[in-house]
1. Kindly check whether there is at least one residue in segment 105-124 that is under 31 Å from the mean Cα position of the chain (by Cα), farther than 27 Å from N158 by Cβ and either loosely packed, with under 12 Cβ neighbours inside 10 Å or free of Cβ contacts under 8 Å to residues at least 60 places away in the same chain (or both).
2. Pairs please, first residue from segment 175-190 and touching a residue at least 60 places away in the same chain (Cβ under 8 Å), second anywhere and assigned to a helix (DSSP H, G or I) and buried (at least 17 other Cβ atoms within 10 Å of the Cβ), Cβ atoms under 6 Å, 6+ apart in sequence or on different chains.
3. G233: modelled with pLDDT under 85, in contact with an Asp or Glu (Cβ under 7 Å, 6 or more places away or on another chain) and exposed (fewer than 14 other Cβ atoms within 10 Å of the Cβ), yes or no?
4. Look at F151 and say whether it is out of contact with any His (no Cβ under 7 Å at 6 or more places or on another chain), modelled with pLDDT of 85 or more and either surrounded by 12 or more Cβ atoms within 10 Å (Cβ to Cβ) or part of a helix (DSSP H, G or I) (or both).
5. Just a yes or no: is a residue in segment 54-67 of a type in the set (D, E, K, R), modelled with pLDDT under 90, in a helix (DSSP H, G or I) and surrounded by 11 or more Cβ atoms within 10 Å (Cβ to Cβ)?
6. Quick check on this structure: which one of A226, A253, A279 is modelled with pLDDT of 80 or more, crowded, with 17+ Cβ neighbours inside 10 Å and outside any loop (DSSP other than H, G, I, E, B)?
7. Pick from T167, T163, T179: which is in contact with a helix residue (DSSP H, G or I) (Cβ under 8 Å, 6 or more places away or on another chain) and assigned to a helix (DSSP H, G or I)?
Amino acid sequence: MDNRNRFGDNYDPKELVRVVRKHFGNRVMFNDADPPEDWKAGLDATLKDHPSLGVFKAENLISVPADLVKSYVSQQALVGKDKIPLPGEKATEEDWNIVFDRLGRPKTAEEYKFADIQAPEGFPDIAEKVKVFKTIAHKLGILPKQAEGLFSWFVGANIQEYTDYMTGREQEIKVAETTLRKEWGKAYEQNIALAKKVLSTYGDKEIAALLDEGLGNDPRILRIFAKIGSKMGEDGIIGKGGTFMKTPEEAKAEIAKIMGEAQSDPKHPYVNKGHPEHAIMVQKMADLSALAYPEKQTE
């Protein structure tokens, strides 16, 4: 019998659904009809209330089978895979060690392998730090690839920091030398030697370490040590009979003193050509002028 004849040419689909459900219950699904209020109504009681079915929030019965198929396929992809249970909040260190080992952590810290370090000359030996790093990495369960990446970053950062420090230090040395050469003139080498002599004679390891860390590049520090050396006298530093070379400022002061004496005394050896020490004084003034104005000597 033609259902359209039974219900008429303009039959109501919802009426048809109600009739079919009356005879077949919820076993039949319809594309163009309202679904039952609960798609799980026809399931066994042990399945209907199972928590895992809560993820299927389909608006109609048509989409539920598709969702179930997707879920089934996803689950099948895990079948046969080696699964590692995740420890809970109260897991012990031993529980986590089991997980780390199964994930691929080396049996011992010594088994971590890192690439050779291409460190610049003078870079501190970090062999001991490498051992400590491996020990901590193993305790924390870090995998080989992760440990290698972290170690590479750590060493690279330290090398860059060291390189920047040495570059800055070299620049400081150049600036200090330029400043003091201009200030001390020909007395530069002498005063540097005096400063080093004072340090080696009266300094201790702590002071030497401070100078190595950068204070030795500070012109103010070098001036102090050089001044101490010059004030200690010939017997204290360079031995009896030695002489100190004057700095430009000291030479200018000596020139001014001699000129002042010569202006007030016509018989002064510098202005009195008949004086037996005239030639000596003229040469002394020439030497003082060379010390006072070293830049003119190179022109």
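The values are calculated or read from the model by the stated rules, or taken from the named source; none is laboratory data. None of these values were measured; they are calculated from a predicted model. Every residue, glycine among them, receives a Cβ derived from its backbone with ideal geometry; neighbour counts consider all protein chains shown.
1. yes
2. So the pair list comes out as W184/N191; G185/P248; G185/L291; G185/P294; K186/L291; K186/P294.
3. Answer is no for this residue.
4. Spelling it out, F151 is indeed out of contact with any His (no Cβ under 7 Å at 6 or more places or on another chain), modelled with pLDDT of 85 or more and either surrounded by 12 or more Cβ atoms within 10 Å (Cβ to Cβ) or part of a helix (DSSP H, G or I) (or both).
5. yes
6. Criteria check complete, one pass: A226.
7. T179
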